[in-house]
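Taking it in order: structure first as structure tokens, then the write-up.
The values are calculated or read from the model by the stated rules, or taken from the named source; none is laboratory data. Note that the coordinates shown come from a computational prediction; the quantities given were computed from them, not determined experimentally. Quick reminder, even Gly has a Cβ in these numbers, built from the backbone with ideal geometry, and neighbours come from all protein chains shown.
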């Protein structure tokens, strides 16, 4: 099971994410981003599912693409997500995911912070013992 901690970074927010494998790390990172966007992510119902397919030049770039795709969907589709079933290829260069959530409902969802993007600044993704560790910055 992955873990997450945040740290302050100038006007942005940093996250350190750990996971047993890349899929666990990517899921945990998504949970962390959405915990920052919506204060009560547990109230986001899994009404509809959507598919996500992405490729990148490196596992770290794939992590950024994954999180930025989720942020893009919040902004353009006005949706929040609370389930992230992620499969990452063994080489870490592509993923297939199913995400589930619902339209933003201002009567139930407590929007906490606007996240503009995950940046490449300070980005790190590496093996950590038997698992993986990532450090990333949220542009808020």
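The number of residues in region 104-117 being touching a residue at least 24 places away in the same chain (Cβ under 8 Å), out of contact with any helix residue (DSSP H, G or I) (no Cβ under 6 Å at 6 or more places or on another chain) and either loosely packed, with under 13 Cβ neighbours inside 10 Å or in a loop (DSSP other than H, G, I, E, B) (or both) comes to 6. Among the residues making up region 108-131, those that are in contact with a strand residue (DSSP E or B) (Cβ under 7 Å, 6 or more places away or on another chain) and under 26 Å from residue 46 (Cβ atoms) are 109, 110, 111, 112, 115, 116, 117, 118. Of all residues in region 1-50, those that are over 20 Å from residue 117 (Cβ atoms) and either in contact with a strand residue (DSSP E or B) (Cβ under 7 Å, 6 or more places away or on another chain) or buried (at least 22 other Cβ atoms within 10 Å of the Cβ) (or both) total 15. In region 82-98, the residues that are on the phi < 0 side of the Ramachandran plot and loosely packed, with under 13 Cβ neighbours inside 10 Å form Cβ pairs under 6 Å with partners that are at pLDDT 95 or above and part of a strand (DSSP E or B), at six or more places apart or across chains, as follows: 87/96. For residue 14, the conditions (1) under 24 Å from residue 109 (Cα atoms); (2) modelled with pLDDT of 95 or more; (3) within 13 Å of the chain's Cα centre (by Cα) all hold with the exception of (2).
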